[in-house]
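Below is one structure; the comments refer to it alone.
The values are calculated or read from the model by the stated rules, or taken from the named source; none is laboratory data. The model shown is predicted, which means the values in this text are computed figures rather than measured ones. When we count neighbours, we look across all protein chains shown, and the Cβ atoms used for this are built from the backbone with ideal geometry, even at glycine. With ligands, DNA and RNA removed, areas are computed over all heavy atoms of the protein, side chains included. Shrake-Rupley method; radii C 1.70, N 1.55, O 1.52, S 1.80 Å.
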Amino acid sequence: MPAIDPSRRLANGAASVFLEFVAPGLLAFAAIHHLLPTELAKDDFFGATAVRFAVENPLLVGVVLFFSFAWVIRHWTAPLRRPDVVLPASNGGGRSSARRALIALAATVLAAGAALLFRQVGFEARRVVGSSMLPTLEPGDCVATSKSAYALSIPFTSRRLTTGRLRRGDLIVFDRDSTQGVEHLVKRVIGLPGDRVRIRAGHPLINDWEIPSCDAGTYFRPEPHGGVEGRLLVEFLEDRAYLTVYTPLTTPFADEFVVAEGEVFVLGDNRNGSVDSRSWNQGHGAGVPLADVRGEASRFLLGAHRDESVDWSRFLRGFGTALHLEGMDLDALHAQIARCLRQAPRATTPPAPRAGVIARSP
């Protein structure tokens, strides 16, 4: 029997460890944190029993996924495995078993470390509760949050490294203290540090510049206790076009708010059904500290049908001007949205704030 090159044996052994332990561990972790949402509020959402069970038992689901991925990988890589890399059981079987156990333990530790790092810099699923972000996000939508869009958290420390800059029009996920504890909210960034934000007839003005908008028609979304009805507007801010709803009764905000350094001013896209920067601080306005921002909502993951089954129709779609109203004829609204986009204004960036107006956080 020809001798086996030790370096080749070592390389094949390392590949085997990766395929049998590290790869399925990383895949299971990614599946859990991409598809199982972290709640934005404490209420029931998932009608599908299997999905609800997975949300409530992530560890058990992770173990099942690990072994499932391991079986699939082992099955599909079986033709690639060479018989000459298998250690004979008769030669040092005890030592080989101990060595394999140590390798498995090391692979598990490595996979756990990689999973921790991925959680710090990767994506996390977040679930939307409430109608404050209609029509962009519906109650029950699950979105992928990019945790590294603006900053990277250094594991085992409180330090964060800046990786990007928030822009007007971004959808952000952030923490906010409330009487019920810490809430995880999603809103749209309207004002940056130094911006002077006012509301006129429900429409936001930034540094005395009104965000351009185009009326696309009547919007109505039925709900168990009535519904949300108003005018569907396409707004244009920076390089983004997005949908908003304006109902007849607009949330009042008489003050002019100057966004403090290290904060942003946020609004919900459902302009009369959102608790946001306008209503905080007893109605005088408040910003969101950048330190409380957990990431950017970047993609749809899944939603819920009216019968509470899981809706995969928008899986991995971006947030734009696509309107989603289940069971309704949207051809006319889609045509009006397309008209608004064809007539998009050229100037979509507000003027710079006046020098010296940046406020301090209260």
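Evaluate the following for D311: is it touching a residue at least 40 places away in the same chain (Cβ under 8 Å) and among the acidic types (D, E)? No, not satisfied. Among the conditions (1) at pLDDT 90 or above; (2) open to solvent by 50 Å² or more (accessible area, probe 1.4 Å); (3) within 21 Å of the chain's Cα centre (by Cα), Q336 misses just one, which is (3).
Does R294 satisfy the criteria of being in contact with an Asp or Glu (Cβ under 7 Å, 6 or more places away or on another chain) and farther than 30 Å from M328 by Cβ?
Yes.
Restricting attention to region 265-310, and to residues there that are open to solvent by less than 10 Å² (accessible area, probe 1.4 Å) and of a type in the set (D, E), which single residue is nearest to the chain's Cα centre (by Cα)? Out of the qualifying residues, it is D269. Screening F174 against (1) open to solvent by less than 40 Å² (accessible area, probe 1.4 Å); (2) not in a strand (DSSP E or B) leaves a single unmet condition, (2). Take the conditions at pLDDT 90 or above and either open to solvent by 60 Å² or more (accessible area, probe 1.4 Å) or outside any loop (DSSP other than H, G, I, E, B) (or both) and apply them to A347. Does it pass? Yes; evaluated as a whole, the condition is true for this residue. Filtered by the rule that a residue be open to solvent by less than 40 Å² (accessible area, probe 1.4 Å) and not in a strand (DSSP E or B), region 245-260 gives T247, T251, F253, V259.
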